[in-house]
Amino acid sequence: MPRYTGVRTFARCPHVSDLTDVDAAVVGIPFDTATSYRPGARFGPEAIRASSIILRPYHPDLSVDVLGSQRVVDYGGVSITPGNAVRSAEQIADALGDVVRAGVFPVVLGGDHSIVLGELRAQAARHGPMSLVLLDAHADVWDDYYGERYFHGTPFRRAVEEGLVDPRRSILAGMRGTVYSEEDVLQAKTIGFEVIGCDDLRAMPPREFARRVRERVGEGPTFLSFDVDLLDPSCAPGTGTPE
């Protein structure tokens, strides 16, 4: 069957609601009303799935049959509440809690970055405080923005406050762009995160970055979060906060 036909699931993986014997599940979270600049990330899961139909299972550089070595499925999307970041975080935690408790590895497609708080709640409920590896143009550790404490720029401060993330075992990388004051630059370090700025990250060989990450996070459970605004806007022009 041609790859452009059929139901659009991630990489043409089967769409299931039963997680029996599943290793990893792709989950969409189409929420973007906690963004401060440009909406549209609600269509991210749909767009990623549509683009992924060309993905094939075998990775020649790593000599790994990615989709053949384990059972990967598309679990559909989380039901969220547009305009309500607090309630949506609860809905995300509940929905992903089912995935995590089943022993399935969730691969989440967003969505603005506020959704990560619900993800971390689900993971920490099973694994305890997580190490965090964040690749992002922003540290997302503001206390509030426009008076809102649950926002796309605040999730990792909330996560530390709730005991979901241990900043002493976490590393944030890729930060760049203008900010309001020096305090914005220092906040993540003050909380306890290790921070690697964009220029330093670009100059760092990948193996050195991997070494820094392993040294920082240790052997405990680790959460990886990638924000598309890490990329140059010429490569990802649809991001909500281009830098």
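With R157, R121 as the choices, which residue is of a type outside the set (F, W, Y), in a helix (DSSP H, G or I) and not assigned by TED's automatic domain parsing to the domain that holds D199?
Answer to the selection: R121.
Quick one: count up the residues across the range 41-93 that are among the aliphatic types (A, V, I, L, M) and part of a helix (DSSP H, G or I).
Residues meeting the conditions: 11.
Has the range 192-207 got at least one residue that is assigned to a helix (DSSP H, G or I), farther than 20 Å from T239 by Cβ, touching a strand residue (DSSP E or B) at 6+ places or on another chain (Cβ under 9 Å) and free of Cβ contacts under 8 Å to residues at least 60 places away in the same chain?
Yes, because at least one residue in the range 192-207 is assigned to a helix (DSSP H, G or I), farther than 20 Å from T239 by Cβ, touching a strand residue (DSSP E or B) at 6+ places or on another chain (Cβ under 9 Å) and free of Cβ contacts under 8 Å to residues at least 60 places away in the same chain.
Are any residues in the range 67-88 within 22 Å of A24 (Cα to Cα) and either aliphatic (A, V, I, L, M) or not assigned by TED's automatic domain parsing to the domain that holds A50 (or both), and if so, which ones?
L67, V72, V73, V78, I80
Contact list please: Cβ distance under 6 Å, first residue in the range 143-158 and β-branched (V, I, T), second residue in a loop (DSSP other than H, G, I, E, B), pairs at least six apart or on different chains.
From residues that are β-branched (V, I, T), the pairs are T154/W142.
Take the range 1-19 and flag every residue that is in contact (Cβ under 8 Å) with a residue 12 or more places away in the chain, of a type in the set (S, T, N, Q) and over 20 Å from E119 (Cβ atoms).
T9
Can G147 be described as surrounded by fewer than 21 Cβ atoms within 10 Å (Cβ to Cβ), among the small types (G, A, S) and modelled with pLDDT under 95?
Working: surrounded by fewer than 21 Cβ atoms within 10 Å (Cβ to Cβ): yes; among the small types (G, A, S): yes; modelled with pLDDT under 95: yes.
Criteria met by G147.
Can you tell me how many residues in the range 9-47 are surrounded by fewer than 17 Cβ atoms within 10 Å (Cβ to Cβ) and within 28 Å of P242 (Cα to Cα)?
Count: 8.
The values are calculated or read from the model by the stated rules, or taken from the named source; none is laboratory data. Computed from a predicted structure; not experimentally measured. FYI the Cβ positions are ideal-geometry reconstructions off the backbone, even for glycines, and counts take in every protein chain you see.
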